[in-house]
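In what follows, a single structure is set out as C-alpha coordinates and then discussed.
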Amino acid sequence: VSYNTLALSTVTGAAGYTSMAMGGGGGTNTVNASYIDNIGAATALFVAGPGAVVSNSTLTANNSVTLNLSGSLATVTGSVIRNTNSTALWVESGFNNIRLSTIVAAGYGAFITNAASNSLSGSYVSGTTATVVEGSTSTVISGSSLYAYANLGIGLQLTKGSVNLLVASSTLRG
(Lines give C-alpha, C1' and ligand atoms only; values in the text may rest on other atoms or scores of the structure.)
Protein backbone atom coordinates (compact mmCIF):
# COMPACT_ATOMS: atom_id res chain seq x y z
CA VAL A 1 0.00 0.00 0.00
CA SER A 2 1.81 3.10 -1.21
CA TYR A 3 1.25 6.78 -1.99
CA ASN A 4 -1.98 7.22 -0.05
CA THR A 5 -3.16 10.27 1.88
CA LEU A 6 -5.64 10.64 4.72
CA ALA A 7 -6.42 14.32 5.29
CA LEU A 8 -8.97 16.26 7.32
CA SER A 9 -10.56 13.01 8.44
CA THR A 10 -11.65 11.07 11.52
CA VAL A 11 -10.91 7.36 11.97
CA THR A 12 -12.13 5.36 14.97
CA GLY A 13 -11.56 1.76 15.94
CA ALA A 14 -13.14 -0.65 18.37
CA ALA A 15 -11.78 -3.20 20.80
CA GLY A 16 -9.32 -5.65 19.33
CA TYR A 17 -8.86 -3.93 15.97
CA THR A 18 -6.25 -1.42 14.84
CA SER A 19 -7.94 1.82 13.77
CA MET A 20 -5.61 2.38 10.80
CA ALA A 21 -2.58 0.58 9.33
CA MET A 22 -0.23 2.08 6.72
CA GLY A 23 2.65 0.59 4.82
CA GLY A 24 3.97 -2.50 3.23
CA GLY A 25 4.80 -0.77 -0.04
CA GLY A 26 7.76 1.30 -1.08
CA GLY A 27 6.07 4.68 -1.24
CA THR A 28 5.15 7.34 1.25
CA ASN A 29 1.79 7.28 2.99
CA THR A 30 0.55 10.47 4.65
CA VAL A 31 -1.81 11.38 7.48
CA ASN A 32 -2.46 15.13 7.71
CA ALA A 33 -4.75 17.16 9.95
CA SER A 34 -6.72 14.09 11.01
CA TYR A 35 -8.03 12.49 14.19
CA ILE A 36 -7.41 8.77 14.78
CA ASP A 37 -8.79 7.10 17.90
CA ASN A 38 -9.03 3.60 19.31
CA ILE A 39 -11.32 3.13 22.28
CA GLY A 40 -10.46 -0.55 22.74
CA ALA A 41 -7.42 -2.69 23.28
CA ALA A 42 -5.66 -2.01 19.99
CA THR A 43 -3.34 0.44 18.24
CA ALA A 44 -4.73 3.68 16.82
CA LEU A 45 -2.16 3.95 13.97
CA PHE A 46 0.25 1.22 12.88
CA VAL A 47 2.95 2.29 10.38
CA ALA A 48 4.80 -0.60 8.70
CA GLY A 49 6.16 0.84 5.46
CA PRO A 50 9.02 3.28 4.98
CA GLY A 51 8.75 7.04 4.68
CA ALA A 52 5.35 7.64 6.29
CA VAL A 53 4.41 11.20 7.22
CA VAL A 54 2.07 12.06 10.10
CA SER A 55 1.49 15.79 10.52
CA ASN A 56 -0.78 18.09 12.47
CA SER A 57 -2.89 15.18 13.66
CA THR A 58 -4.28 13.88 16.95
CA LEU A 59 -3.91 10.19 17.79
CA THR A 60 -5.54 8.73 20.90
CA ALA A 61 -5.96 5.31 22.45
CA ASN A 62 -6.73 3.96 25.88
CA ASN A 63 -4.89 0.64 25.74
CA SER A 64 -2.13 -1.01 23.69
CA VAL A 65 0.02 1.53 21.78
CA THR A 66 -1.32 4.72 20.23
CA LEU A 67 1.25 5.09 17.40
CA ASN A 68 3.48 2.16 16.40
CA LEU A 69 6.34 3.08 14.02
CA SER A 70 7.55 -0.23 12.59
CA GLY A 71 8.59 1.30 9.27
CA SER A 72 11.76 3.34 8.89
CA LEU A 73 12.22 6.92 7.68
CA ALA A 74 8.91 8.13 9.12
CA THR A 75 8.31 11.76 10.06
CA VAL A 76 5.87 12.83 12.76
CA THR A 77 5.40 16.61 13.04
CA GLY A 78 3.12 18.89 15.01
CA SER A 79 0.95 16.07 16.32
CA VAL A 80 -0.62 15.07 19.63
CA ILE A 81 -0.19 11.41 20.60
CA ARG A 82 -2.07 10.40 23.73
CA ASN A 83 -2.77 7.16 25.62
CA THR A 84 -4.82 7.03 28.82
CA ASN A 85 -3.66 3.56 29.99
CA SER A 86 -0.51 2.43 28.18
CA THR A 87 2.23 3.60 25.76
CA ALA A 88 1.68 6.57 23.46
CA LEU A 89 4.57 6.14 20.96
CA TRP A 90 6.36 2.85 20.16
CA VAL A 91 9.33 3.03 17.75
CA GLU A 92 10.88 -0.25 16.56
CA SER A 93 12.63 0.83 13.38
CA GLY A 94 15.35 3.27 12.43
CA PHE A 95 15.82 6.72 10.96
CA ASN A 96 12.51 8.15 12.19
CA ASN A 97 12.08 11.81 13.07
CA ILE A 98 9.55 12.95 15.67
CA ARG A 99 9.41 16.71 16.08
CA LEU A 100 7.28 19.51 17.48
CA SER A 101 4.81 17.02 18.96
CA THR A 102 3.11 16.39 22.29
CA ILE A 103 3.28 12.81 23.55
CA VAL A 104 1.38 11.98 26.75
CA ALA A 105 0.65 8.60 28.32
CA ALA A 106 -0.35 6.97 31.57
CA GLY A 107 2.41 4.41 30.90
CA TYR A 108 5.46 5.10 28.73
CA GLY A 109 5.35 8.34 26.76
CA ALA A 110 7.81 7.19 24.08
CA PHE A 111 9.49 3.77 23.85
CA ILE A 112 12.31 3.39 21.31
CA THR A 113 13.46 -0.22 21.05
CA ASN A 114 16.14 -2.02 19.01
CA ALA A 115 16.41 0.82 16.53
CA ALA A 116 19.11 3.08 15.07
CA SER A 117 19.34 6.80 14.39
CA ASN A 118 15.95 8.04 15.60
CA SER A 119 15.44 11.64 16.65
CA LEU A 120 13.02 13.37 18.98
CA SER A 121 13.20 17.15 18.74
CA GLY A 122 11.24 20.13 20.01
CA SER A 123 8.68 17.85 21.65
CA TYR A 124 7.00 17.42 25.03
CA VAL A 125 6.87 13.83 26.33
CA SER A 126 5.32 12.68 29.60
CA GLY A 127 4.36 9.41 31.24
CA THR A 128 5.20 7.31 34.27
CA THR A 129 8.46 6.93 32.38
CA ALA A 130 8.59 9.74 29.83
CA THR A 131 11.01 8.10 27.37
CA VAL A 132 12.71 4.69 27.22
CA VAL A 133 15.60 4.02 24.83
CA GLU A 134 16.19 0.26 24.80
CA GLY A 135 18.84 -1.62 22.82
CA SER A 136 19.16 1.30 20.40
CA THR A 137 22.04 3.21 18.82
CA SER A 138 22.54 6.86 17.93
CA THR A 139 19.26 8.20 19.32
CA VAL A 140 19.13 12.01 19.41
CA ILE A 141 16.88 13.96 21.79
CA SER A 142 17.10 17.72 21.34
CA GLY A 143 15.11 20.73 22.46
CA SER A 144 12.58 18.49 24.17
CA SER A 145 10.97 18.22 27.61
CA LEU A 146 10.75 14.73 29.13
CA TYR A 147 8.61 14.70 32.27
CA ALA A 148 7.65 11.82 34.54
CA TYR A 149 4.28 12.31 36.23
CA ALA A 150 4.48 13.97 39.65
CA ASN A 151 8.25 13.40 39.79
CA LEU A 152 7.59 9.79 40.78
CA GLY A 153 8.82 8.11 37.61
CA ILE A 154 11.78 8.40 35.25
CA GLY A 155 12.33 11.18 32.73
CA LEU A 156 14.70 9.19 30.48
CA GLN A 157 15.63 5.52 30.84
CA LEU A 158 18.52 4.06 28.81
CA THR A 159 18.59 0.23 28.87
CA LYS A 160 19.79 -3.02 27.30
CA GLY A 161 23.01 -1.92 25.66
CA SER A 162 21.89 1.33 24.07
CA VAL A 163 24.86 3.37 22.85
CA ASN A 164 25.65 6.80 21.37
CA LEU A 165 22.66 8.59 22.91
CA LEU A 166 22.83 12.37 22.47
CA VAL A 167 20.66 14.62 24.63
CA ALA A 168 21.00 18.35 23.97
CA SER A 169 19.12 21.47 25.07
CA SER A 170 16.45 19.37 26.74
CA THR A 171 14.75 19.27 30.15
CA LEU A 172 14.42 15.95 31.97
CA ARG A 173 12.39 15.54 35.14
CA GLY A 174 11.69 12.40 37.10
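The values are calculated or read from the model by the stated rules, or taken from the named source; none is laboratory data. Just so we're clear, the structure is a prediction, and the values are computed from it rather than from any experiment. Virtual Cβ from ideal backbone geometry, glycine too; neighbours counted across all protein chains shown. Areas reflect the complete protein model, heavy atoms only, side chains present, ligands, DNA and RNA absent. Shrake-Rupley method; radii C 1.70, N 1.55, O 1.52, S 1.80 Å.
Ordered by 1.4 Å accessible area with all protein chains kept, Leu166, Leu152, Leu100, Leu146 run largest first as Leu152, Leu100, Leu166, Leu146. Normalised by the number of residues in the stretch 1-82, the average gap of Cα pairs under 8 Å and 6 or more apart makes the relative contact order 28 percent.
Provide the percentage of antiparallel DSSP beta bridges, counting only those with both residues in the chain; round to the nearest 5.
Taking every DSSP beta bridge with both residues in the chain, the antiparallel ones total about 0 percent.
Taking amide H as placed 1.01 Å from N in the peptide plane, Ala52 has its amide H under 5 Å from the amide H of Asn29, Ala74, Thr75, each at least 5 places away in sequence or on another chain. Starting from the Cα of Thr84, step 7 Å toward the Cβ, then list every residue of the stretch 6-25 with an amide N under 15 Å from that point. From the stretch 6-25, the list is 13-15.
Each residue of the stretch 143-153 was assigned a 3J(HN,Hα) from its phi angle through the Karplus expression (A = 6.51, B = -1.76, C = 1.60, θ = phi - 60°), giving x, 10, 10, 10, 10, 7, 4, 6, 6, 9, x Hz with x at Gly and Pro.
Computed over protein heavy atoms with a 1.4 Å probe, the accessible surface of the stretch 121-164 works out to 41 Å² per residue. Surface composition of the stretch 22-142: carbon and sulfur atoms hold 54% of the protein heavy-atom accessible area at a 1.4 Å probe.
An oblate overall shape is assigned to the stretch 94-152, the ratio a/c of its alpha-carbon gyration tensor axes (a ≥ b ≥ c) being 1.5 or greater and a/b not exceeding b/c. In this structure the amide hydrogen of Ser121, modeled in the peptide plane, comes within under 5 Å of the amide hydrogens of Ile98, Arg99, Leu100, Ser142, none closer than 5 places in sequence on its chain.
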